[in-house]
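Q: Could you have a look at this structure, given as structure tokens, before my questions?
The values are calculated or read from the model by the stated rules, or taken from the named source; none is laboratory data. Since we're looking at a predicted model, the values are computed, not measured. Don't worry about glycine lacking a Cβ; one is built from the backbone with ideal geometry, like all the others, and counts go over all protein chains shown.
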Amino acid sequence: MSVMEQNRGNRLLLGQNNNALTWLIIINAVIFVILNFIKIIYLFSYDINAEATLTFQRQIVEWFSLPGGIQKFGSRPWTILTYMFSHVSVWDLIVTLLWLWGFGFILQDMMGNSKLIPIYLYAGFAGGAIFLAATNLIPAFKVNAGENYALIGGGAAVMGVAVATTALAPTYRIFPMLNGGIPLWVLTLIFIAIDYATVASSSMGYALAHLAGAGMGFLFVYQLRRGSDWGEWMLQLFYWTEDLFNPEKKHSTASKKQQHFYKATKKPFEKKPHITQQHIDEILDKINQKGYHFLTDEEKEFLKKASEGDLM
């Protein structure tokens, strides 16, 4: 298989094979399908749709959404995680996944396959924590927060992904065929404006949650530039879990130097069968794990020539 064919197959999978973006979209979509399947059962079980919807909200949705009351949250702490993957409205799901796909695809293209999920989770946790703190510590919020006041949806998490992507490369251009392209920061401003004009504007608690998600996305990239990868422990935990169920495939922990600089292990001028295809596979694996920007100039030139068929 040529490099161009491999890249084409990767793009059909929203980026890279077995990539984080695909999994985030799948998880959000599956939970949406489950919730709405249960909702349909409730609608068939009650004569009045309004009563069925209210009962479904109290008996099912509240176990997935993040409650505003601290006592209620204490009885269901897992909602700090489940809320950011849960959607009941099909419109909310579509909007969330479209923005997630747009910014997530660019993020993975620049940083590889290991940063998207940590940023999504960190931003979601930050949004949920600020939502809880504001609802329970600010007197005005306590008055306005009703019994069913809750946070649901991936808005805060996607906001974090959007800001992290923009902080990483604000001059990145999309739609290059339109007069040289549109800077990424312009798309981010449009996203923020739409978000705060719709979902976030309905409640100050929602607005603060989305703002916290955005701040966490920026902070994640800021720390990454300083050499501190907050998502490394998640990656190592994933590898450890995968090794438990697949002992034959062990993951080795690279040193700090190896994480940021490619270190060749082959001797110069050493002849091996299929060396060209092997080198291509190694470069593609490196892009998948770390991102295109971690390639050396020689690797970029090699990949370019291989895609044009000069080395095949």
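Q: Which of the helices (runs of 4 or more DSSP H) contained wholly in segment 152-242 include at least 3 residues that are under 14 Å from Ala123 (Cα atoms)?
A: 155-168, 204-225
Q: Let me ask something else about it. If we keep just the residues of segment 202-248 that are at pLDDT below 80 and of a type in the set (Ser, Thr, Tyr), which is nearest to the chain's Cα centre (by Cα)?
A: Tyr239
Q: May I ask you to list pairs of residues, at least six apart or on different chains, whose Cβ atoms are under 7 Å apart, with the first in segment 60-74 being over 25 Å from Ile41 (Cβ atoms) and the second being small (Gly, Ala, Ser)?
A: These pairs meet every condition: Gly68/Ala145; Gly68/Ala150; Gly68/Gly205.
Q: Which one is farthest from the chain's Cα centre (by Cα) among residues in segment 114-133 that are surrounded by fewer than 22 Cβ atoms within 10 Å (Cβ to Cβ) and farther than 16 Å from Phe220 by Cβ?
A: Filtering segment 114-133 for residues that are surrounded by fewer than 22 Cβ atoms within 10 Å (Cβ to Cβ) and farther than 16 Å from Phe220 by Cβ, the one farthest from the chain's Cα centre (by Cα) comes out as Ala133.
Q: Now for a separate question. I need the full set of residues from segment 173-206 which are closer than 16 Å to Trp99 by Cα, aromatic (Phe, Trp, Tyr) and touching a helix residue (DSSP H, G or I) at 6+ places or on another chain (Cβ under 7 Å), in order please.
A: Answer for segment 173-206, where residues must be closer than 16 Å to Trp99 by Cα, aromatic (Phe, Trp, Tyr) and touching a helix residue (DSSP H, G or I) at 6+ places or on another chain (Cβ under 7 Å): Trp185, Phe191, Tyr196.
Q: Among what's in segment 12-21 and is part of a helix (DSSP H, G or I) and crowded, with 17+ Cβ neighbours inside 10 Å, pick the residue that is modelled with the highest pLDDT.
A: Of everything passing the filter in segment 12-21, Leu21 is modelled with the highest pLDDT.
Q: In addition: Does Leu184 count as at pLDDT 85 or above, assigned by TED's automatic domain parsing to the domain that holds Val95 and touching a Lys or Arg at 6+ places or on another chain (Cβ under 9 Å)?
A: yes
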